[in-house]
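The values are calculated or read from the model by the stated rules, or taken from the named source; none is laboratory data. All of these numbers come straight from a predicted model, not from anything done at the bench. Every residue, glycine among them, receives a Cβ derived from its backbone with ideal geometry; neighbour counts consider all protein chains shown.
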Amino acid sequence: MKKAKKQKKIARKIEKAKKVLRYYDAAQSSNYHKVIRGGGNSGDSVTHGAVKNLRSWSRYLDENHDLTIGIHDNLVNRIVGAGLTIEPIVKRKNGKLWEQVNDQLRDLWLEFWRRPEVTGEVPGNEVERLLVRSWLRDGEVLTNHVMGTGPAIQHSSRVPYSIELLEADYLPMDLNGTGANGNPANIVHGVEKNAWGRPLGYHLYKEHPGNTLVPFSQTTFDTKRVSADRITHLKFVRRLRQTRGVPIIHGIINRMDDIKDYSESERIKARVNAAFTTAIKRNSDYTGEVDENGNIPFEMQSGIIFDGLRVGEELQSVGTDTPNPNLGPFISEMMRAAASGTGTSYSSISKHYDGTYSAQRQELVEAREGYKKLLNFFKGVQMEPTWNNFIDMVVTARLFVMPAGITLQQLYTSVDMRGPGVDWIDPKKESEAAVIDVENGFKSRHQVIRERNGNPRLVDTELAADTFGDQTNSDEQGNESSDGINKQLDDVKKLMDAYGVGVRAGAITPQEDDENYFRALARIPGTSKPVDDAWESDGGTRRPITLKSGEAFEDEQRDIADDDQDETENDEAA
């Protein structure tokens, strides 16, 4: 009895072991399965001996391989395009945009961003493109935020703030926490950290270590410590707590290098084959004279008609299989894999714009999320700290006086940053979709305008100037005729009358937007500050008298009657 129970127990263990093996066959090596590569090393351990080589390969391909250049160009164009659209969106207490404040901040930002870099050579939009390219090509890039005034720095605008762009080479990979030479023991790849892994400082070379134009000296590899609150470290990582970044093409470097070599080989082969003309084939019947090497001397040139064949000779063309008909499909498949490995759009990096609308749309939707992820990371890590420092400096330098009730934190967050506009495959369908979104309340007009890199305020101003333009009658010189102007005024009057009826009926509650709309429609100046203050004191809305309580309505009617009676008595006395 005991023996039978023991056998059943053993059988259950064996069955359990078989299930475990079935679950983890992928972890076992066999004749049909490669030995598992990799290991349990940390992200820093893996990158320690690899980052420099990866960076060098990535730069080499970006300098010498057209397809790799195209991948990096595509990423830069899709993430920042010609430059991000930076729009301040500070609001009043009633939720309305504070136009005067936003205009002032926008003008100061444009002045600063015209030449924000310490050398004064690179405009802001190109700074963004260089940052993104260096980030994704090299795996990382650093920005030193230089704030304040001093004899050693000359800012390019009234804003006492500039940024210094530093390539990844300035941050030494081999500077680690050994505690030697007086360096702290908590340094990883040049970055000083606390116990939680938070950066405290960056130990940077004083000069670029690869600058061969500067004579080598004992101070070439000297470092200086820069506080982490002055440095932005933009890096591309795949592992948690990875200190240094890797190029975005790290997984396809071998593939891209092979494509480069294969394409060059096919190109050289085509050139060599193109240099061949014909060959003379001889059989056993040949009896002609030959030189000491067994060859018949003769000359050939372009366009020659050769008629000097002898008995036993035959003129034969040299066969060629170039261009290789399989080269194009092969490169296309390799580029599909490259697109998958970098999160880019195959059509964009290969320049093959074929397929149905649905197929192109699906590819665009899938690729857009990858670009959007990188854009959000760039905004959060690079551009938002830059905007915050800009706000601090314009306030400190008294270039911008903060209105009452507005805090620095509100100014930090009251900014809209947008990348390139949404791609259009079919403009008509895209526009119709935007109209449907706005009509159904899924998006606002201003949101759609910003998504297409427009300025909502400028668009509204221009639309107001164009109001009823299609109904305007003009003479031959393009001047509006009196009939056209009268037609416009009649249309505005009808609309205002209908609005007034709705207000008096209690169906419409007047609000500040209504006044701005009708002013623009009638082409009269916008509201002045006293009018804005009056709207703000009323909370941005005014209740129609028919929506008041019954008691308040009766009191108001008595006041109106008393005023009429007083006016009548005054007229009679006069």
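With respect to the conditions (1) in contact (Cβ under 8 Å) with a residue 12 or more places away in the chain; (2) not in a helix (DSSP H, G or I), residue 105 lacks only one, and its number is (2). Screening 130, 108 for residues that are surrounded by 19 or more Cβ atoms within 10 Å (Cβ to Cβ), of a type in the set (A, V, I, L, M) and in the same structural domain as residue 411 (by TED's automatic domain parsing) leaves exactly one candidate, 108.
For region 473-493, the count of residues that are modelled with pLDDT under 85, assigned to a loop (DSSP other than H, G, I, E, B) and surrounded by 11 or more Cβ atoms within 10 Å (Cβ to Cβ) is nonzero.
Tell me, which helices (runs of 4 or more DSSP H) lie completely within region 382-446 with 1 or more residues that are loosely packed, with under 14 Cβ neighbours inside 10 Å and not assigned by TED's automatic domain parsing to the domain that holds residue 77? Before you say what the answer is, go through the steps one by one.
On the way: elements: 384-396, 408-413, 427-439.
The helices (runs of 4 or more DSSP H) meeting that bar are 427-439.
From the list 138, 66, 44, the lone residue that is of a type outside the set (A, V, I, L, M, F, W, C), touching a Pro at 6+ places or on another chain (Cβ under 9 Å) and under 30 Å from residue 252 (Cβ atoms) is 138. Conditions first: (1) of a type in the set (Lys, Arg); (2) at pLDDT 85 or above; (3) more than 19 Å from residue 455 (Cα to Cα). Residue 418 passes all but one, so which condition is the exception? All conditions pass for residue 418, except number (3). Selection of region 517-531 for residues being at negative phi, touching a helix residue (DSSP H, G or I) at 6+ places or on another chain (Cβ under 8 Å) and not β-branched (Val, Ile, Thr) yields 518, 520, 521, 522, 525, 526. Quick check on my filter: what residues within region 77-105 are surrounded by 19 or more Cβ atoms within 10 Å (Cβ to Cβ) and of a type in the set (A, V, I, L, M)? Listed by number, the residues that qualify are 79, 80, 84, 86, 90, 101, 105. Being in contact with a helix residue (DSSP H, G or I) (Cβ under 9 Å, 6 or more places away or on another chain) and either closer than 30 Å to residue 237 by Cα or free of Cβ contacts under 8 Å to residues at least 40 places away in the same chain (or both) holds for only one residue in 419, 380, and it is 419. There is at least one residue in region 350-371 that is assigned to a helix (DSSP H, G or I), at pLDDT 70 or above and closer than 23 Å to residue 57 by Cα.
Evaluating residue 332 against the criteria (1) surrounded by 14 or more Cβ atoms within 10 Å (Cβ to Cβ); (2) at pLDDT 80 or above; (3) not basic (Lys, Arg) leaves one unmet condition, (1). The residue of region 197-253 that is surrounded by the fewest Cβ atoms within 10 Å (Cβ to Cβ), among those that are among the polar types (S, T, N, Q) and not in a loop (DSSP other than H, G, I, E, B), is 227.
Within region 505-526, being assigned to a loop (DSSP other than H, G, I, E, B), modelled with pLDDT under 75 and surrounded by 15 or more Cβ atoms within 10 Å (Cβ to Cβ) holds for one residue alone: 522. Within region 144-162, the set of residues being surrounded by fewer than 17 Cβ atoms within 10 Å (Cβ to Cβ) and not in a loop (DSSP other than H, G, I, E, B) comprises 150, 153.
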